[in-house]
Structure formats: structure tokens, C-alpha cells
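Each remark here refers to the structure printed beneath this line.
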Amino acid sequence: MHTILKTMALLSTLLTVLPGISAAQDFDPETGYARIRALTSGLESMTAQFHQELLDADGQLIQEGRGTLSIQRPNRFRWQYSEPYEQLVLGDGERLWSYDADLEQAVVRGYDDVLAASPAMLLSGARDVAELYEVAALRDEQGLEWVVLAPRARETDFKFLGLGFAGEELRRMDLIDSLDQLTRIELSEVKRNPTIAKSVFEFKPPDGVDVIESTGP
């Protein structure tokens, strides 16, 4: 589990990649927790369009993608990539599916504490944010109110998650991974508590697809 001192040390990496985020020495973590709980309180479902960028540690663009996001609490979500290629990441309530149409391959794993700390599960899961994350920084920047989180689980593949709010609406999610790369996800056309068909969160591998059972993070 991260200590506050370790979290603050690792923030030096975040400050060089995620502009405008700083860790005040006297910030109140409860303010950050309250901000996220306000988002998830009464949240039953959500849909949005997303634009995703992956930047290296020097801020150079590596990859770009677009798609749609659907969430149904508890524990159901669907990230559907349409660009640059078709890919699906889906949580059906019991398992996580990752499907790559070009590779004709699907990887499936069960839910665990590592998956529970993922951004999708933060929005769709039933566990309280304080169980999964420490608040590492708070700041208003780029026209958004930011809460920066550090996952408590050591096995996660990212070190920090920044959530950017415009009023009550979540607009950005920025993740710093173990290679100091930045994944920036910008949300648009966000709809709160729409009706979503159950079939959206179901996945059956197409014929001929290689299915791999995974137990790792």
C-alpha cells in the first residue's frame, strides 16, 4: 500500500507529464474523495464518446484512438474502440473481456483487486473510492477541477489517475503508467443514467476467435 510520502515522491513524474497538477502540502484528501463520491452517488449508468491519446515520457504522441463508452453499475462497462482499429474491452459483471478483431483474439480474466482499481471500475464498481485509491493532489487547471489519485494496489499497471471535472461532469481521465507514459482520455456527449440494453454488456467470441484465459494483472 502506498504511503503518503511515497505518493508525493512519485508525483514528481506526474508533474512533468500532466501539466498544471501540483501537490499542495496542506490539501485535504477528503475534498477529493467527496468530489468523486458526488459523481458516483446516484449514478446507475453512463454513456459517452471518447478521444484517447497515448504520449511517451517526453510528451510525444504514440497512438490515438476514438470510440464509445457505456457503464452500468454495478461492475458492467464497455469500451468500444472504432479507430484506429476495432477493439473491445468489456466487463460483464463477472469477467473482463479484451477483444481484438484484427488479431482474432479474446483475452478473458476474472475480477480482482487490481481490476477493481481500473478507471472503468472506479465509475462502474460498488466499492468506495477510498478503499482503492489515495488522493495525491487537487488543483484547478485547464478549465477543469482535477483530483489526482494513486492506486493502493501495487500490481496495477498505472501509477496515477487524474480526473478532470467541469462542474458535476467528468470530462477527462489522464493515466500515468509504469513507463511514465500518459494516456489522456477526453469525454464528450456524456449522458448520465440513460437506459442501456443488457446485451451491451454481453460478449460471445465470434467463431474462429482464439480465447485466452488470463490470471495476471
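Observations on the model:
- Here ALA38 clears all of (1) more than 25 Å from PRO194 (Cα to Cα); (2) open to solvent by 40 Å² or more (accessible area, probe 1.4 Å) except the condition numbered (1).
- Filtering SER199, SER118 for residues that are touching a residue at least 12 places away in the same chain (Cβ under 8 Å), open to solvent by 10 Å² or more (accessible area, probe 1.4 Å) and within 19 Å of ARG78 (Cα to Cα) leaves a single hit, SER118.
- Of the criteria (1) farther than 23 Å from ASP180 by Cβ; (2) among the hydrophobic types (A, V, I, L, M, F, W, C); (3) at pLDDT 95 or above, which one LEU96 fails: (3)
- Test: residue in the stretch 104-115 that is surrounded by 19 or more Cβ atoms within 10 Å (Cβ to Cβ), modelled with pLDDT of 85 or more and in contact with a Phe, Trp or Tyr (Cβ under 9 Å, 6 or more places away or on another chain): yes
- Pairs, first at positive phi in the stretch 140-169, second surrounded by 24 or more Cβ atoms within 10 Å (Cβ to Cβ), C-beta under 8 Å, six or more apart: GLN142/GLY164
- Verdict on GLY125 being more than 15 Å from the chain's Cα centre (by Cα) and at pLDDT below 90: no
- Entry remark, the stretch 71-105: residues being within 20 Å of ASP207 (Cβ to Cβ) and of a type in the set (A, V, I, L, M) number 4 in total.
- The stretch 122-141, subset touching a strand residue (DSSP E or B) at 6+ places or on another chain (Cβ under 8 Å) and open to solvent by 20 Å² or more (accessible area, probe 1.4 Å), residue nearest to GLY93 (Cα to Cα): LEU138
Residues checked against (1) exposed (fewer than 14 other Cβ atoms within 10 Å of the Cβ); (2) in a helix (DSSP H, G or I); (3) at pLDDT 50 or above:
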residue	(1), (2), (3)
MET1	yes, no, no
MET8	no, yes, no
LEU43	no, no, yes
ALA48	no, no, yes
GLN52	no, no, yes
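- Pick from the stretch 142-154, criterion under 19 Å from ALA166 (Cβ atoms) and modelled with pLDDT of 85 or more, ranking: surrounded by the fewest Cβ atoms within 10 Å (Cβ to Cβ): GLY143
- Scanning the stretch 76-90 for residues that are of a type outside the set (A, V, I, L, M, F, W, C), open to solvent by less than 60 Å² (accessible area, probe 1.4 Å) and over 13 Å from the mean Cα position of the chain (by Cα) yields GLN80, TYR81, GLN87.
- Residues in the stretch 159-196 that are of a type in the set (S, T, N, Q) and within 15 Å of LEU69 (Cβ to Cβ) were compared, and the one that is most open to solvent (accessible area, probe 1.4 Å) is ASN193.
The values are calculated or read from the model by the stated rules, or taken from the named source; none is laboratory data. This is a predicted model, so every value here is computed, not measured. So basically every Cβ, Gly included, is an ideal-geometry build from the backbone, and we count neighbours across all protein chains shown. Keep in mind that these areas ignore ligands, DNA and RNA; they rest on the heavy atoms of the full protein, side chains included. Shrake-Rupley method; radii C 1.70, N 1.55, O 1.52, S 1.80 Å.
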